[in-house]
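A quick write-up on the structure given underneath.
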Amino acid sequence: MADTEFALDLNDDQKEVRDWIHGFAADVMRPAAAEWDEREETPWPIIQEAAKIGLYSLDFYAQQFFDPTGLGIPMAMEELFWGDAGIGLSIVGTGLAAVGVLANGTEEQIGTWVPQMYGDASDVKVAAFCSSEPDAGSDVSAMRTRAVYDEAKDEWVLNGTKTWATNGGIANVHVVVAVVDSELGSKGHASFIVPPNTPGLSQGQKFKKHGIRASHTAEVVLEDVRVPGHCLLGGKEKLDERLARARERAEAGGVGVQGRVKNAAMATFEASRPAVGAQAVGIARAAYETALEYAKTRVQFGRPIIDNQGVAFQLADMRTRVDAARLLVWRASWMAAAGRRFDSAEGSMSKLFAGETAKSVTAQAMQILGGNGYTREYPVERMHRDAAIYTIFEGTSEIQRLVIARTLSGVPIR
Ligand SMILES: Cc1cc2nc3c(=O)[nH]c(=O)nc-3n(C[C@H](O)[C@H](O)[C@H](O)COP(=O)(O)OP(=O)(O)OC[C@H]3O[C@@H](n4cnc5c(N)ncnc54)[C@H](O)[C@@H]3O)c2cc1C
């Protein structure tokens, strides 16, 4: 493309994929959404349906991930979460663990573990990424789960309690972030694969949630969990080098502990923020569309409620915010694919704005549906409950603002 050209059009391949996912979202996910929300269980049959058509597979995500425009993943996320967010998260939750391996693992580790995260259509599996702990949510540096190297056996021994893990305890493969050097804050963390059926890993409490109830969220307890040396993502040599550099900086009073070297969990979150923003765009769009249709057909005072500016202007604002959120998500996704650095925290901007948009647009949609909007007969109350997580997980809105403000100012704002 010449330098002067600029386009936001999807190409024919992208449109074809988008329409295919949209079909699955409309025909398979939407009709099942209310049921799985009430059941508060992982919708295994729907994941299996997705696997059968190739939508739940490493190949599919790899293809979208390597789309040179960067729009493959956000487009897929938006359509799936337009279908339903709880089921959507059950379908894409494995991706967070896969990104953890892709961001920090060797080629061999990627080849060995990522396929086991998905299983196959006849025996689908899921994976979990376990970073958060009861006392280490936004403050990742407060993490306590320890990984100690047993040199004689070339094994790592993991102990601690993880919380809020999507697919925690039901996953085939768990990716666990743990402290290997407690002097170095978050620079002393490393990520480990816990292979299927490893003794010592168990599920703690399963949370009963406000929204995304078709997605399983639970504590993961690690008691003397022994994993082979090759389960350290990136390998021991790379870890030792990274720790030595961080120690040098810390001793020199430099940027060692609070500095620029990314830790393992942060690398995962940074890569996934625009994709999470795209999920929020999908929920917001679904709520906006539902409200638009309702406003055109609901008659009060002898005319459709959309004839009132008070309603029509809300819809105008909703649609404007949805489109603005998508543009921020697409910009960050394009930048990532083009190898541009997020010098102004563009990934965080996209997640912040899209998450807040989903929350406000779904609330407006409930208002437009009146009493019906408040019932489970209509989908917008579920969308509103689902949207609320988007200002909390993968970095709360406050943490996104902190990242953006620090990046823009260069000041270590607290
Ligand atoms: C449904 C669900 C699924 C999740 N899935 C996963 C998962 O798969 N893997 C995983 O590792 N984690 C997961 N999480 C955890 C999630 O990322 C954390 O909940 C999130 O990072 C916030 O941490 P916290 O809940 O401990 O809140 P806290 O960090 O305790 O924050 C509480 C409040 O204080 C605010 N706050 C904290 N620090 C500051 C500050 N410096 N400045 C301003 N405000 C601040 C926060 O913004 C928030 O409003 C999940 C959470 C949920 C609810």
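From the residues in segment 225-238 that are surrounded by fewer than 21 Cβ atoms within 10 Å (Cβ to Cβ) and part of a loop (DSSP other than H, G, I, E, B), which one is farthest from the ligand (Cβ to nearest atom)?
235
Strands (runs of 3 or more DSSP E) wholly in segment 149-216 with at least 2 residues that are of a type in the set (D, E, K, R) - which ones?
Because the criterion is at least 2 residues that are of a type in the set (D, E, K, R), the strands (runs of 3 or more DSSP E) in segment 149-216 that meet it are 155-166.
For residue 144, which of the numbered conditions (1) closer than 17 Å to residue 231 by Cβ; (2) touching an Asp or Glu at 6+ places or on another chain (Cβ under 8 Å) fails to hold?
Of the numbered conditions (1) closer than 17 Å to residue 231 by Cβ; (2) touching an Asp or Glu at 6+ places or on another chain (Cβ under 8 Å), the odd one out for residue 144 is (1).
Residues checked against (1) out of contact with any Asp or Glu (no Cβ under 7 Å at 6 or more places or on another chain); (2) acidic (Asp, Glu); (3) without any contact (Cβ under 8 Å) to a residue 24 or more places away in the chain:
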| residue | (1), (2), (3) |
| --- | --- |
| 7 | yes, no, yes |
| 10 | yes, no, no |
| 15 | yes, no, yes |
| 25 | no, no, no |
| 31 | yes, no, yes |
| 35 | yes, yes, yes |
| 42 | yes, no, no |
| 45 | yes, no, yes |
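Look through 387, 337 and report the one residue that is surrounded by 17 or more Cβ atoms within 10 Å (Cβ to Cβ) and under 17 Å from residue 85 (Cα atoms).
387
Just checking, which of 152, 142 is within 15 Å of the ligand (Cβ to nearest atom), surrounded by fewer than 21 Cβ atoms within 10 Å (Cβ to Cβ) and free of Cβ contacts under 8 Å to residues at least 12 places away in the same chain?
142
Looking only at segment 177-224, which residues are within 10 Å of the ligand (Cβ to nearest atom) and hydroxyl-bearing (Ser, Thr, Tyr)?
Answer for segment 177-224, where residues must be within 10 Å of the ligand (Cβ to nearest atom) and hydroxyl-bearing (Ser, Thr, Tyr): 215, 217.
Sort out for me the helices (runs of 4 or more DSSP H) sitting completely within segment 304-414 that have 1 or more residues that are away from the ligand (no atom under 15 Å from the Cβ) and in contact with a Leu (Cβ under 9 Å, 6 or more places away or on another chain).
309-337, 346-368, 380-387
Going by the structure shown, is residue 103 in contact with a helix residue (DSSP H, G or I) (Cβ under 6 Å, 6 or more places away or on another chain), over 20 Å from residue 217 (Cα atoms) and not in a loop (DSSP other than H, G, I, E, B)?
So residue 103 passes the test.
Among the residues of segment 96-113, write down those that are surrounded by fewer than 24 Cβ atoms within 10 Å (Cβ to Cβ) and closer than 15 Å to residue 65 by Cα.
99, 102, 103, 110 - these are the residues of segment 96-113 that are surrounded by fewer than 24 Cβ atoms within 10 Å (Cβ to Cβ) and closer than 15 Å to residue 65 by Cα.
So in segment 64-95, with the set limited to residues that are at pLDDT 95 or above and among the polar types (S, T, N, Q), which one is surrounded by the most Cβ atoms within 10 Å (Cβ to Cβ)?
Selected residue: 94.
Hey, can you tell me all the residues within segment 182-222 that are over 17 Å from residue 171 (Cβ atoms) and surrounded by fewer than 16 Cβ atoms within 10 Å (Cβ to Cβ)?
Across segment 182-222, the qualifying residues are 182, 183, 208, 210.
Within segment 399-406, does at least one residue satisfy the condition of being on the phi < 0 side of the Ramachandran plot, charged (D, E, K, R) and surrounded by 24 or more Cβ atoms within 10 Å (Cβ to Cβ)?
no
For segment 122-139, which positions are within 16 Å of the ligand (Cβ to nearest atom) and either over 25 Å from the mean Cα position of the chain (by Cα) or not in a loop (DSSP other than H, G, I, E, B) (or both)?
If the condition is that a residue be within 16 Å of the ligand (Cβ to nearest atom) and either over 25 Å from the mean Cα position of the chain (by Cα) or not in a loop (DSSP other than H, G, I, E, B) (or both), then 127, 128, 129, 130, 133, 136 are the ones that fit.
I'd like the full set of residues that are among the aromatic types (Phe, Trp, Tyr) and more than 11 Å from the ligand (Cβ to nearest atom), limited to segment 155-176.
156, the sole residue that qualifies.
Report the residue count in segment 320-334 for those that are crowded, with 17+ Cβ neighbours inside 10 Å and free of Cβ contacts under 8 Å to residues at least 60 places away in the same chain.
6
From (1) in a loop (DSSP other than H, G, I, E, B); (2) without any contact (Cβ under 8 Å) to a residue 40 or more places away in the chain; (3) surrounded by 21 or more Cβ atoms within 10 Å (Cβ to Cβ), pick out the condition that doesn't hold for residue 61.
(1)
Which condition does residue 306 not pass, out of (1) touching a residue at least 24 places away in the same chain (Cβ under 8 Å); (2) over 22 Å from residue 26 (Cα atoms), if it passes all the others?
Only one criterion is unmet by residue 306, namely (1).
Being within 20 Å of residue 10 (Cα to Cα), surrounded by fewer than 14 Cβ atoms within 10 Å (Cβ to Cβ) and of a type in the set (Ser, Thr, Tyr): is that true of residue 297 here?
no
The values are calculated or read from the model by the stated rules, or taken from the named source; none is laboratory data. What you are looking at is a predicted structure, and each value in this text was computed from that prediction instead of being measured. Glycine gets a Cβ as well: all are built from the backbone with ideal geometry, and neighbour counts include every protein chain shown.
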